[in-house]
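Notes for the one structure printed next.
The values are calculated or read from the model by the stated rules, or taken from the named source; none is laboratory data. The structure presented is a predicted model; accordingly, all values stated were derived computationally and were not measured. Using ideal geometry, Cβ is built from the backbone for each residue, glycine included, and neighbour counts are taken over all protein chains shown.
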Amino acid sequence: MTTDRPEQGEQSSGSPSDPPEQGQRVVRRGLALLRWSIRAEPWPFAWSVLGAALYATTTVGAALVLGAVTDAVVVPALERGAVQDGAGGLGAVGMGAAAIVAVGAAKSVGIVLRRVGASDMQFRLSARVRREVADAYLRLPPSWHRRHPTGELLSTLNADVEAAFSPIAPLPFSCGVLLLLAVAAAVLAATDPLLAAIGLVLGPALALVNSGYNARSAPPATRAQALRGEVAAVAHESVDGAQVVKTLGREDAEAARFRVPADRLRDEMVALGRIRASFDPLLEALPNVATLAVIVVGAVRVGAGAMSVGDLVRVAYLFTVLAFPFRMIGYLLSEFPRAVVGWDRVQRVLAADEGLVSGRETLDGTGPAEPALDAVSFRYADADVLADVDLRVEPGRTVALVGPTGSGKSTVAALLVRLADPAEGAVLLDGHDLRRLAPGALAGSAAAALQQTFLFDDTVRGNITLAEEHDAIKGGRSIKGGRFSEDEVSAALRLAQAEEFVDALPDGLDTLVGERGATLSGGQRQRLALARALVRRPRLLVLDDATSSVDPAVEAAILRGLAAADLPSTVVLVAYRRASIALADEIVFLAGGRILARGTHAELLARLPAYAAFVAAQDGLDRARAS
């Protein structure tokens, strides 16, 4: 967005040490959020305020019309006991009725404009900020995502954004209420100054009650909004791990784990409800008490001849219709605590500065790429994973990264496709530092298939082609295969040894695979992920144990196919099985975050005991699994 956002405030600790000051701070920050929202979406706001202004003026107009009709038609008819015949009587009734209907119709138009404009503004803002949050999620590295549960991220994207813009719905009405109050005050002052003074007392009384409500509701609203994220995180994790929970008989334990944040959220919402319940009667009663006072005082004034019956009807009607607008201002202010908390949680995501910074360089090569690590060091938290690693892979070669668990193989694979940046040194592709590449440049030349395979709840074809088909859907065009042709998709499936099982599916390429590919086996999911990488014909193909769930014979067929295929690719693979290792042009053996040796499989077996012991151990594991 081009508009400046209101600054993020500190999260409330929930301490009631200074409630008035806290309530004022919430109101100030809520008003700042509303100002930003108006600048972000001025036209829907203008239409809604126009409707609110029309509603306000017609409301006062209705009071004037009712007062005039009372003096001109109702009171004379009551005095005579009947409506006067002729144009002076029935004509006045008709004109009065027409005036009331006209004012009511204009008021209805104002209500429609106000509600449509407010809804349009609210939904536009929510959609825009949700897109920004989603873009931030894509921008932030895996290290940031590992520190934030998926449920919490989903809660921010949905509940927090919704809470941040909850005051938008009553905002135009509240703006119209200000005009209504100004016009009504002028009418009251012109009609009877004493009754106008009652109205002047009502406003500050409502403001005082709302200030107390905001001060007391801010702490539980803050805690409740945070707990929504915790509840969503636990629920998402439990559902995502449903198979583990059921196979290990942990249903009761998971229910107990979910109960803790759920009960805390319930307690905070009950506390918030009790606060609202203690203030709502006051907010409802004050305008009604004022209306009763007006009627009592007005009746005395009418009896004294200081005002007419029509004047009293006009004033009483104004106070009656002002009750709901006054309540709407209270509702607007009561939404501030939740909105401010939700906005703070959204801003924490948008302000996160851990994203991978890009440059402007491009990759112009067409053949196999040349990846390299230049004095690269990397650490997770305080643990060193790679230490001063130098690695260069010749274009077109297949290199296997081999080593014990924790040696840094997967980290090297992640760095090559820039899932992270090194703490020291540089990762290069064709001599270009990955940090200097323009956004999308690396994705156009490199692709990866990882051990932890993810499939979308889509068709087989959709999971292979991804956004290329979805863009066609967004454009309103029928899907014709998107960027990739049917032949290219089939060739990728064939190379991944997936064509046969895909053809056997009920709808072939158009078969829905379910959430996370639930209808497929682990090996089938891995082969589809490999086809997804291969269809792009990358110049650098990174396989991080991408065939670990595949049968060894199928894995060997895949690797032989990759070696024989006419791919413009340099292949870097993390491997464990002897058959996979032996098919590589070169082996890079890592241990303790360092490269201990490089060479062919036969060379390393002959001269490196640690490598020979590693391969023997893996052979033993394979035999144990086979038996």
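Below is a table of values for the structure above.
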| quantity | calculated |
| --- | --- |
| Of all residues in the stretch 363-380 being of a type in the set (A, V, I, L, M) and touching a helix residue (DSSP H, G or I) at 6+ places or on another chain (Cβ under 9 Å), the one that is farthest from residue 567 (Cα to Cα) | 376 |
| Condition met for residue 527 (more than 32 Å from the chain's Cα centre (by Cα) and among the basic types (Lys, Arg)) | no |
| Complete set of residues in the stretch 392-436 that are over 22 Å from residue 567 (Cα atoms), in a strand (DSSP E or B) and in the same structural domain as residue 604 (by TED's automatic domain parsing) | 402 |
| Positions within the stretch 25-50 being under 10 Å from residue 118 (Cα atoms) and of a type in the set (Gly, Ala, Ser), in sequence order | 46, 48 |
| So residue 370, is it among the charged types (D, E, K, R) and in contact with a Ser or Thr (Cβ under 8 Å, 6 or more places away or on another chain) | yes |
| Test: residue in the stretch 462-472 that is out of contact with any Lys or Arg (no Cβ under 7 Å at 6 or more places or on another chain), touching a residue at least 40 places away in the same chain (Cβ under 8 Å), surrounded by fewer than 16 Cβ atoms within 10 Å (Cβ to Cβ) and among the acidic types (Asp, Glu) | no |
| Test set (1) at pLDDT below 85; (2) outside any loop (DSSP other than H, G, I, E, B); (3) surrounded by fewer than 17 Cβ atoms within 10 Å (Cβ to Cβ) - residue 440 fails condition number | (2) |
| Matching option when the condition is touching a Pro at 6+ places or on another chain (Cβ under 7 Å), under 30 Å from residue 223 (Cα atoms) and hydrophobic (A, V, I, L, M, F, W, C), among 339, 351 | 339 |
| Qualifying residue in the stretch 70-81 (condition: over 40 Å from the mean Cα position of the chain (by Cα), outside any helix (DSSP H, G or I) and either at pLDDT below 85 or on the phi < 0 side of the Ramachandran plot (or both)) | yes |
| Looking only at the stretch 568-627, and only at residues there that are more than 24 Å from residue 379 (Cα to Cα) and of a type in the set (Lys, Arg), the one that is nearest to the chain's Cα centre (by Cα) | 577 |
| Residue check, residue 311 among the acidic types (Asp, Glu), surrounded by 16 or more Cβ atoms within 10 Å (Cβ to Cβ), farther than 30 Å from residue 128 by Cα and at pLDDT below 85 | yes |
| Failed item in (1) under 27 Å from residue 55 (Cα atoms); (2) surrounded by 18 or more Cβ atoms within 10 Å (Cβ to Cβ); (3) at pLDDT 90 or above, with residue 161 passing the rest | (1) |
| Unmet requirement for residue 553, which otherwise passes all of (1) part of a strand (DSSP E or B); (2) free of Cβ contacts under 8 Å to residues at least 12 places away in the same chain | (1) |
| Qualifying residue in the stretch 142-156 (condition: buried (at least 19 other Cβ atoms within 10 Å of the Cβ) and farther than 21 Å from residue 125 by Cβ) | yes |
| Residue count, the stretch 344-361 (criterion: among the charged types (D, E, K, R), touching a residue at least 24 places away in the same chain (Cβ under 8 Å) and in a loop (DSSP other than H, G, I, E, B)) | 2 |
| Filtered residues of the stretch 287-302 (kept if free of Cβ contacts under 8 Å to residues at least 40 places away in the same chain and closer than 13 Å to residue 194 by Cα) | 295, 296, 299, 300, 302 |
| Hits in the stretch 444-459 (condition: over 27 Å from the mean Cα position of the chain (by Cα) and not small (Gly, Ala, Ser)) | 451 |
| Every residue from the stretch 240-282 that is in contact with a helix residue (DSSP H, G or I) (Cβ under 9 Å, 6 or more places away or on another chain), at pLDDT 80 or above and closer than 29 Å to residue 514 by Cβ | 251, 253, 254, 255, 257, 258, 261, 262 |
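Conditions tested, residue by residue: (1) of a type outside the set (Asp, Glu); (2) in contact (Cβ under 8 Å) with a residue 40 or more places away in the chain; (3) outside any helix (DSSP H, G or I).
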residue: 121; (1), (2), (3): yes, yes, no
residue: 132; (1), (2), (3): no, yes, no
residue: 138; (1), (2), (3): yes, no, no
residue: 156; (1), (2), (3): yes, yes, no
residue: 163; (1), (2), (3): yes, yes, no
residue: 178; (1), (2), (3): yes, no, no
residue: 181; (1), (2), (3): yes, yes, no
residue: 197; (1), (2), (3): yes, no, no
residue: 212; (1), (2), (3): yes, yes, no
